[in-house]
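What follows is a single structure, written as structure tokens, with notes after it.
No value in this document is a laboratory result; all are computed from the given coordinates. Model, not experiment: these values are computed from the prediction. Heads up, the Cβs are rebuilt from the backbone with ideal geometry, glycines too, and the neighbour counts pull from every protein chain shown.
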Amino acid sequence: MNHECDATISAEVDRASGTPELRAACERLDVPVLIVHGAEDIRPDWALDSLEQALPRVSRTVLNGAGHLPRVEGPNGFRSAVGDFLAGLSV
């Protein structure tokens, strides 16, 4: 892991993600959203937490044994989470 690069990217995300305009845009989204999060992700949860709080129609699933890339690190759990989410949507 390149810590200098990660710190630079994190600082840019911090500046962009905290805007009231972005939060307001998320709050206006009237679509179902699924957040799939790896329990072993070393990055802080604050971005996912704030996104979950801002979205009006959100579900969140945490995959044990997966990190930052749950679709790669826990493909079976990821498929199951997405499949269950989609099956629960009314068309």
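Report the charge-dipole magnitude of segment 3-87 in Debye, nearest 20, computed about the Cα centre from +1 at each Lys and Arg Cβ and -1 at each Asp and Glu Cβ.
Computed charge dipole of segment 3-87: roughly 340 debye.
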Across segment 21-29, in residue order, what do the Karplus-derived ³J(HN,Hα) couplings come to in whole Hz, using 6.51 cos²θ - 1.76 cosθ + 1.60 with θ = phi - 60° and x for Gly and Pro? 5, 5, 4, 4, 5, 5, 5, 8, 5
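Ignoring everything except DSSP H segments at least 4 long, calculate the 222 nm mean residue ellipticity for the chain; use -39,500 (n - 2.57) per segment, divide by total residues, nearest 500.
-16000 deg cm²/dmol
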Taking amide hydrogens as modeled 1.01 Å from N in the peptide plane, which residues meet the under 5 Å criterion relative to Gly67, leaving out close sequence neighbours? Glu40, Glu73
List the residues whose amide H sits under 5 Å from the amide H of His37, counting only those 5 or more places along or on another chain, with H placed 1.01 Å from N in the peptide plane. Thr61, Val62, Leu63
Could you tell me whether segment 3-87 comes out rounded, prolate or oblate from its Cα gyration tensor? Rule is a ≥ b ≥ c as square roots of the eigenvalues, rounded for a/c under 1.5, then prolate if a/b exceeds b/c, otherwise oblate. oblate
